Amino acid sequence: MTVSTITSPASILNADLHCHSVVSDGTLTPEQLAERAKTNGVELWALTDHDEIGGQHRAAAAAHAQGMRYLTGTEISVTFAGETVHIVGLGFDPDNPDMVQGLRNTRGGRGQRAREMSDGLAKVGIKDAYEGALKFVGNPELISRTHFARFLVESGVCKETAEVFRKYLTEGKPGYVPHRWASLKDAVNWITKAGGMAIVAHPARYKFTPNEEYALFTEFKIHGGRGVEVVTGSHTAQEYVKYAETAKEFGLAASRGSDFHSPEESRIDLGSLPFLPGDLTPVWELLADRIQ
Ligand code: AMP
Ligand code: MN
Ligand code: MN
Ligand code: MN
């Protein structure tokens, strides 16, 4: 199966290769996401739950039931230069034992971290946040800041999740707990050795100096990383241009994905972003033989 047998030329394919289900911190099931993606005109889809591939077989089946093509996906939490960086993996074998174990280890610290977050929130008068967040969790191994944010909105502490992050869940705020995630090298290796492609997610979101950002892309390439998200729900139009240049400078393929989490919370819907700039190599062109 080659991409050209789908319907559109490669760069104007409606591919959405980044979103989240209830298997991590999204609010829709893989089946509901597939239906929504199809309704919005998505031709090639990937579900990329945080540190989790438990939804992959369901997502592939749901994509096929909707008549969409599918790439396996995940979004791995990595610590690089003291900052959390997300690495998207696409087109890997979801049953690869090293990948399965690596992601299990990455998820491992989330329970303890969540209890510490709850302790921090208790100190500023927000009680039982751990129990409150748990009500929003679809996968007990994957409690995330997003679930705390939903609880604080539900209980009236904040109006919306962005406000919760700003006031309570980011560095220096009462519910923030620093956490050590996977190494960049391990994350890229798990994906690559399982037959997939590693991609730097939403690079504009990291608070790196130009030197640190250069180091990220340089080391990412050395470890075998091959792609960067250019058109994502986290980027502005100027950032599409900036990271299109980065893709060319580092010889990386370009990806496109909404990072959709929830109809109530996400600004950008599935399949609704601009197409990739035509002078970039789309990741799906290099992953043509991994498309299901
Ligand atoms: P965690 O993996 O538990 O640290 O949670 C990270 C998740 O929180 C991200 O994947 C986003 O879904 C969400 N998130 C991070 N920053 C913000 C923000 N400023 N506003 C809303 N959601 C955010
Ligand atoms: Mn998320
Ligand atoms: Mn992310
Ligand atoms: Mn994401």
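The values are calculated or read from the model by the stated rules, or taken from the named source; none is laboratory data. Since the model is a prediction, treat every value here as computed from it, not as a measurement. When we count neighbours, we look across all protein chains shown, and the Cβ atoms used for this are built from the backbone with ideal geometry, even at glycine. SASA here: full protein model, heavy atoms, side chains in, ligands and nucleic acids out. Shrake-Rupley method; radii C 1.70, N 1.55, O 1.52, S 1.80 Å.
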Practice prompt. Quick one: count up the residues across segment 82-95 that are in contact with a Leu (Cβ under 7 Å, 6 or more places away or on another chain) and either in a helix (DSSP H, G or I) or away from ligand 4 (no atom under 16 Å from the Cβ) (or both).
Written response: 1
Worksheet item: Which number in (1) within 19 Å of the chain's Cα centre (by Cα); (2) away from ligand 2 (no atom under 16 Å from the Cβ); (3) within 17 Å of Ile12 (Cβ to Cβ) marks the one condition that Ser258 misses?
Response: (2)
Discussion item. Please determine whether any residue of segment 11-32 is under 25 Å from Leu184 (Cα atoms), in contact (Cβ under 8 Å) with a residue 60 or more places away in the chain, among the small types (Gly, Ala, Ser) and in contact with a strand residue (DSSP E or B) (Cβ under 6 Å, 6 or more places away or on another chain).
Written reply: yes
Response to the item:
Restricted to segment 51-62 and to residues being outside any loop (DSSP other than H, G, I, E, B) and free of Cβ contacts under 8 Å to residues at least 40 places away in the same chain, the residue surrounded by the most Cβ atoms within 10 Å (Cβ to Cβ) is Ala59
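Return the only residue of Ser144, Ser155 being among the small types (Gly, Ala, Ser), outside the structural domain of Ser24 (by TED's automatic domain parsing) and open to solvent by less than 50 Å² (accessible area, probe 1.4 Å).
Working: Ser155 fails: open to solvent by less than 50 Å² (accessible area, probe 1.4 Å).
Only one candidate passes the filter, namely Ser144.
Would you call Gly120 touching a residue at least 40 places away in the same chain (Cβ under 8 Å), within 18 Å of the chain's Cα centre (by Cα) and away from ligand 2 (no atom under 16 Å from the Cβ)?
So Gly120 does not fit the description; no.
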Worksheet, complete the sentence: Residues of segment 96-132 being of a type in the set (Lys, Arg) and assigned to a helix (DSSP H, G or I), in sequence order, are Arg104, Arg107, Arg110, Arg113, Arg115, Lys123
